[in-house]
Amino acid sequence: MNQDWESKLMTFEEYAGKKHDPVYVFNIEFGTKKVMYFGAEHSLNPESPMFSRIEEEFKKADPQIVFVEGMYFSQGGKERAIEKYKNTNRESVIKNHGESVYVFKLATDAGIEVDSPESTYKDEIDSLIEKGFSKEEIFCFYGYRQINGLHRLTDKSKFTEELTRYISIFQRDSQWKDFDYSVEHLEKIGKSVWGETRGDIMTNDGYRTTPVPPPDKKLFTIINRINQEVTHFRDCNVVRRIVEALKTHDRLFIIFGSTHAVMQEPALRYLAESYDKEEIG
C-alpha cells in the first residue's frame, strides 16, 4: 500500500474552506473493484429523504461487504445486534439509532457481510495519552461528543440514561484507576472549559467538539484539538480497512458522516489511481 496516501487526506483547514451538500456521495473504482461511499447527514428522522436515497444507492451498489460508522462490537456483539435489529422496523431503527444502524439492518436483512471499520476506543485513547492530553480532557471530549448525538433524540427522557450507558462503555475501554466517571464530573470539566452556559450538558452546541476550525477562533479549545487527532486517527483506519476489504471483495458500500467522506476522498482517489492488482488482489 503506497505510504504517501496519508498525506492526501484533506486537512481541517482545507475542509473549513470547502462547500459541500450535507449528503455527499461518491463512487471510486480500484481497477474492477468498486467502492460506493455514502457521506451522511446524521439524522434520526425517518421522513428525511436521505433514507430513501440510502436505499437506492445501497441497491445500486449491490455490495458484497458493508461498512458502517460508529458501531463498536464486543465479543459476540455483532451477532446480538443482528438478532436485535432483525425484528425491529425501519422507523424504530432510524428514530433510535440513525443511519448507520439502519444500513447495518439493510445489510444483515439481505445476508450481506457487515462490519464497522472503526479504531477501538482503547487505541484512540492510548494515542491521545501519548500525545500529552490529560484524562479529564479526553473524558470531556468523548462525553460531549456523545452529548451532541443525544441532542438529536426525539425522546429527551432517555438523555441521561443513554449518556450514563455510553460513559460505562468509555470506562470499560479506558480503565483508569481512581478516576471519577460520573455525569456530574463530566459536566464540571465541561463548565471549566466552556463556562456555565456552554458547559451545561443540556446545551446543544456542536462547536464544543467540532474538529473543523470555526469562524470565531475563540470558540476553538483543547477539546476541538482532541477531535482533530481522533478524526485523523479514525480516517486513517477507515482508509486502511477499505483497501484491506478490497483484497477479498469486489463491491463495498460504506456509510459515514459526510465530513469523513469529504476528507477521505482525496486519499482514496490517490490509492485508486495507484492501484496495484498484486497488492489489493
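The values are calculated or read from the model by the stated rules, or taken from the named source; none is laboratory data. As the structure is a prediction and not an experimental result, all values here were calculated from the model. All Cβ positions, even for glycine, are placed from backbone atoms using ideal geometry, and neighbour counts span all protein chains on display.
Couple of notes before you dig in:
- Those helices (runs of 4 or more DSSP H) lying entirely in the stretch 201-281 with at least 1 residues out of contact with any Gly (no Cβ under 8 Å at 6 or more places or on another chain) and at pLDDT 95 or above: 222-245, 258-273
- Within the stretch 26-48, the set of residues being more than 24 Å from residue 96 (Cα to Cα) and buried (at least 17 other Cβ atoms within 10 Å of the Cβ) comprises 28, 30, 33, 34, 35, 36.
- Single condition residue 127 does not satisfy, out of (1) assigned to a loop (DSSP other than H, G, I, E, B); (2) modelled with pLDDT of 95 or more; (3) of a type outside the set (Lys, Arg); (4) surrounded by fewer than 18 Cβ atoms within 10 Å (Cβ to Cβ): (1)
- The criterion of at least 2 residues that are farther than 30 Å from residue 156 by Cα, among the aromatic types (Phe, Trp, Tyr) and in contact (Cβ under 8 Å) with a residue 60 or more places away in the chain is met, among strands (runs of 3 or more DSSP E) falling completely within the stretch 1-119, by 24-30.
- As a summary of the residue check, residue 244 satisfies the conditions (1) within 27 Å of residue 192 (Cβ to Cβ); (2) of a type outside the set (Gly, Ala, Ser); (3) surrounded by fewer than 15 Cβ atoms within 10 Å (Cβ to Cβ) except for the one numbered (1).
- Candidate set: the stretch 189-245, residues that are among the polar types (S, T, N, Q) and touching a residue at least 24 places away in the same chain (Cβ under 8 Å); chosen: the one nearest to residue 274 (Cα to Cα): 237
- Residue check, residue 147 within 18 Å of residue 69 (Cα to Cα), modelled with pLDDT of 95 or more and crowded, with 18+ Cβ neighbours inside 10 Å: yes
- Unmet requirement for residue 165, which otherwise passes all of (1) outside any helix (DSSP H, G or I); (2) surrounded by fewer than 13 Cβ atoms within 10 Å (Cβ to Cβ): (1)
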